[in-house]
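Undergrad: Take this structure, written in structure tokens, and hold onto it; I'll ask about it next.
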Amino acid sequence: MSHRCYIAVDLGAESGRVIAGLYDGQRIRLEPVHRFPNGAVSIAGTLRWDLLRLWAEIQDGLTQAATSFGEWIGSIGVDTWGVDYVLLSKTGEMLGQPYMYRDPRSHGMLAAALAQVPRKDIFAATGLQFMEINTLYQLLSQSRSNPELLGLADKFLMIPDFFHWCLSGSRVVEFTNATTTQFFSPEGKWAYGLLDKLQIPTHFLPEVVLPGTKLGTLREDVARRCGMRRVEIVAPATHDTGSAVAAIPTAHTGTPNWAYISSGTWSLMGVEVGKAVLTDKALEYNVTNEGGIDGTYRLLKNIMGLWLVQECRRSFEKRGKPMDYARLTHLAEEAKPFLAFVDPDDGAFLAPSDMPAALREWCHRSGQSVPDDEGGLVRCCLESLALKYRVVLGRLEQLTGTKVEVIHIVGGGSQNDVLNQFTANATGRPVIAGPVEATAIGNVLVQARGAGEIASLAELRDVVRRSYGLKTFEPAHRAAWEEAYGRFTRLCKLPND
């Protein structure tokens, strides 16, 4: 075997994977090793993550990786979603059952924070968009409801950093995920002043390290249990979007004339910039500045994403109509176009008990025709997402002063040809779809860079272009989509930029 092997542990809200990345110096190839489900656990009216079960699954995956790739494994790195965290005691005890970001405990906390610190001051201190799921509002809730637990905490770790602790004993937070908290400064340090104003303790905040940092070697007991050498543990861009954007197969650097959508449960749409954009207009548009590779920032907007379709599918299954995503997408393609739209980011869709009912209620309340079947509901979701991308694209262009020429879509949602074509139609820009596994690719290639096998971000993206076929979608039906865009912005009470 002439390949060097890097192991990516890639955890998403719906599932987790252990994946081997085989790099021959020119191309990267992924080999799935182990896949397992994930999701929030409901207990006593709260939503929590079962991190111990996930850790057991990760170890099972590492055992399989050791069997398949043995001595070729160079390092291991973990990426996950952002904002959620774990508190550890001085003795390494996990304090409490970690919350899931959709838990209702943070309801009202954004307003409570703004009552103490002006919105403009929070944005200037952090550059982050205002979302009630942000770590800042989770911690504010905990500081008010359970300050004793915070007092016992010795270290605050984001979810991927917790698993790096499980793997190596490291107690640091990686930069890209730190920037999702809304209490990390664009100057590269925790926003202690903001936290002090909100009376949130800071004694447990750890050192922040950059992507590619070597965190230590695999714990001896884990190595023995998994039948693996004590390999290096390396921090990739631990926020999954950071890893995905690192693997965008663009040849352009330095100017934001391309945009990306990391498409999955959430759609993260943005451009890559050299420094955080902290203007009044950025605050007005509620965009975010999240850290990337090589000191870059991801100027982006969170959009609710395929969560809408995922929850529709779950509801259909409960009603005795199980369907896979391919079937749902086909039904959407056959459904009547432009029947009804929703604002994907309306609070009604954050965590409804019944997504189809929430969609129908929104359509009814806004005076539209109400979709009456599965295909109509999913088409409403997909068209609405594409039109929301158009709104966000216009705002990104305003903020950077640069026209976007092409949109790259990566992640699981890049397999949805219908949404990809709708996006091209709605935005009037070519869409390049792929790679699907951008997050895992970015993870393993940042590890390879940490090992000295790749010299720069540009070279990393060259590897991605050499390794994967891409699919292009050209804009079509522009007049109909322009009319639909006007209707959409009026219904959602959005400026028609």
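The values are calculated or read from the model by the stated rules, or taken from the named source; none is laboratory data. As the structure is a prediction and not an experimental result, all values here were calculated from the model. Note: ideal-geometry Cβ built from the backbone for every residue, glycine included; neighbour counts use all protein chains shown.
Undergrad: Among the helices (runs of 4 or more DSSP H) confined wholly to segment 413-496, which include 3 or more residues that are touching a Gly at 6+ places or on another chain (Cβ under 8 Å), crowded, with 23+ Cβ neighbours inside 10 Å and not acidic (Asp, Glu)?
TA: On the way: elements: 417-427, 438-450, 457-467, 478-491.
Qualifying helices (runs of 4 or more DSSP H): 438-450.
Undergrad: Shifting gears a bit: Could you go through segment 240-251 and let me know if any residue there is more than 30 Å from ALA386 (Cβ to Cβ), surrounded by fewer than 18 Cβ atoms within 10 Å (Cβ to Cβ) and either out of contact with any Ser or Thr (no Cβ under 8 Å at 6 or more places or on another chain) or assigned by TED's automatic domain parsing to the domain that holds ASP79 (or both). It would help to see each step written out before you state the result.
TA: Pass one, segment 240-251, residues more than 30 Å from ALA386 (Cβ to Cβ): none.
No, there is no match, as no residue in segment 240-251 is more than 30 Å from ALA386 (Cβ to Cβ), surrounded by fewer than 18 Cβ atoms within 10 Å (Cβ to Cβ) and either out of contact with any Ser or Thr (no Cβ under 8 Å at 6 or more places or on another chain) or assigned by TED's automatic domain parsing to the domain that holds ASP79 (or both).
Undergrad: Could you say whether any residue in segment 216-225 is in contact with a helix residue (DSSP H, G or I) (Cβ under 8 Å, 6 or more places away or on another chain), assigned by TED's automatic domain parsing to the domain that holds ILE73, assigned to a strand (DSSP E or B) and more than 25 Å from GLU148 (Cα to Cα)? Talk me through it step by step, then tell me what you get.
TA: Applying the first criterion (in contact with a helix residue (DSSP H, G or I) (Cβ under 8 Å, 6 or more places away or on another chain)) to segment 216-225 yields 216-219, 222, 225.
Imposing the further condition that a residue be assigned by TED's automatic domain parsing to the domain that holds ILE73 reduces the set to 216-219, 222, 225.
Right, trim to assigned to a strand (DSSP E or B) and you get 216-217.
Pick out the ones that are also more than 25 Å from GLU148 (Cα to Cα) and you get 216-217.
Checking segment 216-225: at least one residue is in contact with a helix residue (DSSP H, G or I) (Cβ under 8 Å, 6 or more places away or on another chain), assigned by TED's automatic domain parsing to the domain that holds ILE73, assigned to a strand (DSSP E or B) and more than 25 Å from GLU148 (Cα to Cα).
Undergrad: Go through the residues of segment 292-314 one by one and say whether even a single one is among the small types (Gly, Ala, Ser), more than 22 Å from ARG395 (Cα to Cα) and at pLDDT below 95.
TA: Step one: filter segment 292-314 for residues among the small types (Gly, Ala, Ser), giving 292, 295, 305.
Then keep just the ones that are more than 22 Å from ARG395 (Cα to Cα); that gives 295.
Narrowing further to those that are at pLDDT below 95: 295.
Yes, segment 292-314 contains a residue that is among the small types (Gly, Ala, Ser), more than 22 Å from ARG395 (Cα to Cα) and at pLDDT below 95.
Undergrad: When you scan segment 59-84, how many residues do you find that are among the β-branched types (Val, Ile, Thr) and under 25 Å from the mean Cα position of the chain (by Cα)?
TA: Applying the first criterion (among the β-branched types (Val, Ile, Thr)) to segment 59-84 yields 63, 67, 73, 76, 78, 80, 83.
Within this subset, residues satisfying the condition of being under 25 Å from the mean Cα position of the chain (by Cα) are 76, 78, 80, 83.
Residues flagged as among the β-branched types (Val, Ile, Thr) and under 25 Å from the mean Cα position of the chain (by Cα) within segment 59-84 amount to 4.
Undergrad: Which residue pairs have Cβ atoms under 9 Å apart, sit 6 or more places apart or on different chains, and have a first residue in segment 174-196 that is under 15 Å from ARG298 (Cβ atoms) and among the basic types (Lys, Arg) and a second that is at pLDDT below 95 and in a helix (DSSP H, G or I)?
TA: Between residues of segment 174-196 that are under 15 Å from ARG298 (Cβ atoms) and among the basic types (Lys, Arg) and residues that are at pLDDT below 95 and in a helix (DSSP H, G or I), there is no close pair.
Undergrad: Same structure, new question: Of all residues in segment 420-469, count the ones that are modelled with pLDDT of 95 or more, hydrophobic (A, V, I, L, M, F, W, C) and farther than 20 Å from ILE7 by Cα.
TA: Total meeting the criteria: 6.
Undergrad: Anything in segment 305-345 that is free of Cβ contacts under 8 Å to residues at least 24 places away in the same chain and acidic (Asp, Glu)? List them, or say none.
TA: Answer for segment 305-345, where residues must be free of Cβ contacts under 8 Å to residues at least 24 places away in the same chain and acidic (Asp, Glu): GLU317, ASP324.
Undergrad: Here is a follow-up. Is it the case that segment 367-377 has a residue that's out of contact with any strand residue (DSSP E or B) (no Cβ under 6 Å at 6 or more places or on another chain), without any contact (Cβ under 8 Å) to a residue 60 or more places away in the chain and closer than 29 Å to ASN38 by Cβ?
TA: Initially, segment 367-377 is screened for residues out of contact with any strand residue (DSSP E or B) (no Cβ under 6 Å at 6 or more places or on another chain), giving 367-377.
So of that shortlist, the ones also without any contact (Cβ under 8 Å) to a residue 60 or more places away in the chain come out as 367, 369-373, 375-376.
Among the residues that remain, those that are also closer than 29 Å to ASN38 by Cβ are: 375.
Checked segment 367-377: at least one residue is out of contact with any strand residue (DSSP E or B) (no Cβ under 6 Å at 6 or more places or on another chain), without any contact (Cβ under 8 Å) to a residue 60 or more places away in the chain and closer than 29 Å to ASN38 by Cβ.
Undergrad: Report yes if ARG53 is closer than 24 Å to VAL231 by Cα and either surrounded by fewer than 18 Cβ atoms within 10 Å (Cβ to Cβ) or in contact (Cβ under 8 Å) with a residue 24 or more places away in the chain (or both), otherwise no.
TA: Numbers: closer than 24 Å to VAL231 by Cα: yes; either surrounded by fewer than 18 Cβ atoms within 10 Å (Cβ to Cβ) or in contact (Cβ under 8 Å) with a residue 24 or more places away in the chain (or both): yes.
In short, yes.
Undergrad: Restricting attention to segment 283-300, report how many residues are part of a helix (DSSP H, G or I) and surrounded by fewer than 21 Cβ atoms within 10 Å (Cβ to Cβ).
TA: Keep residues of segment 283-300 that are part of a helix (DSSP H, G or I), which gives 283-284, 293-295.
Remaining after also requiring surrounded by fewer than 21 Cβ atoms within 10 Å (Cβ to Cβ): 283-284, 294-295.
Of the residues in that region, 4 qualify.
Undergrad: Being at pLDDT 95 or above and either charged (D, E, K, R) or surrounded by fewer than 22 Cβ atoms within 10 Å (Cβ to Cβ) (or both) is the filter here; which residues of segment 6-15 pass it? Talk me through it step by step, then tell me what you get.
TA: Taking segment 6-15 as the starting set, the residues that turn out to be at pLDDT 95 or above are 6-11.
Hit for segment 6-15 is ASP10, nothing else.
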